[in-house]
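Below is one structure, written out as structure tokens; the observations come after it.
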Amino acid sequence: MRKIANRVLALQLDSVNVLVRSHYLPVYSRLGPYPVESLDRLAYRRHELFECWSHAACLLPVELFPLMRHRMIIMQTGRTYALGAPVDGQDHVRAVYDEIAERGPLTVGELTDGGGRTGKWWGWSKGKQALEALLECGQLAVAGRRGFTRVYDLVERVIPREFVDAPAPPADEAQKELLYRSALAVGITNGRGLRDYLGLTSFRIRQPDGKIIKVPLARLLGELVEEGRLTEVRVEGWRDPGYIVTSVRVPKAINARALLSPFDSFMRASSQLLYGFTNPIAKQLYVPAEQRVYGYYVLPFLLGDNLVGRCDLKADRQSGTLLVQSAYVEPGQDATWVAAELAAELDLLRTWLKLDTIKIAARGNLAAGLRSASRR
């Protein structure tokens with residue numbers, strides 16, 4: 001479990017629970033069936049993982065905490081997306097910090113003056129805004145979850161002392177190391193993919209004087225190549241050069257079979273480059289139903305060394321059924337082979353989710369074949 005988390009680096013958190021919480025799936029895709037409690041224990045009891053905003057809200061290995069500190073320090077004087085003003089200038093933010101310091105771990109609903117929601121989605125209350133700003137600034141950390149609700153506490157009471165006290169490397173040094181760690185995790189991608197993997201692309205903080213801080217991507221990648229840590233490669237069909245870790249060993253064959261989370265970091269960094277496979281989140285999950293091509297919670301299907309299909313899945317826990325609401329095979333793939341392997345993988349997923357049956361709808365060019373394979 002620890003090895004998987006350290007290798008993947010970023011396990012994205014998301015409130016959508018139509019199948020299973022998103023951060024559990026990347027571990028399942030690589031490890032197979034496992035008790036999800038072990039990931040919770042690793043994050044919220046042993047504190048070997050911590051919640052942080054990278055490309056999104058993610059669980060990261062705690063060893064990365066010092067490398068993320070430069071962002072937190074800059075956030076303390078920058079305009080955060082949550083408040084739109086320097087945190088130190090907000091009396092309410094300081095009051096929230098002081099209350100947690102005195103009372104201990106709290107959810108937003110347990111604050112004395114948390115306020116009410118201001119709208120759907122990101123319509124955060126003033127209490128939630130303060131908590132998230134303090135989290136981004138590294139003054140609070142997530143101590144645990146009640147259901148899916150964050151419990152906040154002082155950072156020094158959550159993050160192990162050795163990482164809290166470790167010196168924060170300068171921004172460029174930290175960003176370069178994060179790019180290298182991303183290359184270790186993803187295998188091969190271009191510079192933009194490396195920048196996106198841990199969210200360095202989103203690291204554009206507007207200072208009070210209006211200046212926007214950006215990542216000097218080209219220079220940092222050049223330095224990594226000059227130092228011999230990364231190797232620049234040319235890939236047929238890619239406009240930009242790719243990058244791999246210099247010491248990487250390419251396997252002769254890959255015999256993988258896995259359903260991937262639509263939030264899997266691999267999908268952000270390399271899926272479209274390697275397979276022309278569009279990220280299913282933006283195109284399916286967060287658009288009106290009539291604009292969805294493949295369904296709602298669409299999981300890509302990895303077979304061998306290729307993405308060969310995708311299916312829209314839902315766990316109906318009341319009836320104990322894994323609903324396959326659509327199933328598609330990618331162009332040029334052997335539909336019979338894909339259907340047989342996907343049927344086996346869906347049955348494995350069903351057992352992991354402790355569901356009794358699988359129900360396959362008629363939508364999709366693989367649905368009929370998948371039904372037949374499932375019956376067999």
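Computed quantities for the displayed model
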| quantity | calculated |
| --- | --- |
| One residue from Pro280, Pro300 being in contact with a Pro (Cβ under 7 Å, 6 or more places away or on another chain), at pLDDT 90 or above and not basic (Lys, Arg) | Pro300 |
| Residue match in the range 117-132 (condition: at pLDDT 95 or above, under 21 Å from Val16 (Cβ atoms), surrounded by 15 or more Cβ atoms within 10 Å (Cβ to Cβ) and within 22 Å of the chain's Cα centre (by Cα)) | no |
| Members of the range 180-190 that are in a helix (DSSP H, G or I) and farther than 16 Å from Glu63 by Cβ | Ala183, Val186 |
| Selection count, the range 331-343, where residues are free of Cβ contacts under 8 Å to residues at least 40 places away in the same chain and either out of contact with any helix residue (DSSP H, G or I) (no Cβ under 8 Å at 6 or more places or on another chain) or of a type outside the set (Gly, Ala, Ser) (or both) | 7 |
| Subset of the range 234-253 that is in contact (Cβ under 8 Å) with a residue 12 or more places away in the chain and of a type in the set (Gly, Ala, Ser) - its residue that is most open to solvent (accessible area, probe 1.4 Å) | Ala253 |
| Close pairs from the range 44-64: first in the same structural domain as Ala133 (by the TED database) and open to solvent by 10 Å² or more (accessible area, probe 1.4 Å), partner at pLDDT below 95 and assigned to a strand (DSSP E or B), Cβ under 6 Å, at least 6 apart | Ala56/Gln12 |
| Residue ID - nearest to Arg317 (Cα to Cα), chosen from residues in the range 9-33 that are surrounded by 18 or more Cβ atoms within 10 Å (Cβ to Cβ) and in contact with a Lys or Arg (Cβ under 7 Å, 6 or more places away or on another chain) | Leu19 |
| Flag for Thr149 being closer than 26 Å to Leu9 by Cβ, surrounded by fewer than 18 Cβ atoms within 10 Å (Cβ to Cβ) and touching a Ser or Thr at 6+ places or on another chain (Cβ under 7 Å) | yes |
| Some residue of the range 297-319 being surrounded by fewer than 22 Cβ atoms within 10 Å (Cβ to Cβ) and touching a residue at least 60 places away in the same chain (Cβ under 8 Å) | yes |
| Odd one out for Val324 among (1) surrounded by 15 or more Cβ atoms within 10 Å (Cβ to Cβ); (2) at pLDDT below 95 | (2) |
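The values are calculated or read from the model by the stated rules, or taken from the named source; none is laboratory data. Quick caveat: nothing in here was measured; it's all calculated off a predicted structure. All Cβ positions, even for glycine, are placed from backbone atoms using ideal geometry, and neighbour counts span all protein chains on display. For the accessible areas, the whole protein counts, side chains as well, though only heavy atoms, and no ligand, DNA or RNA atoms are used. Shrake-Rupley method; radii C 1.70, N 1.55, O 1.52, S 1.80 Å.
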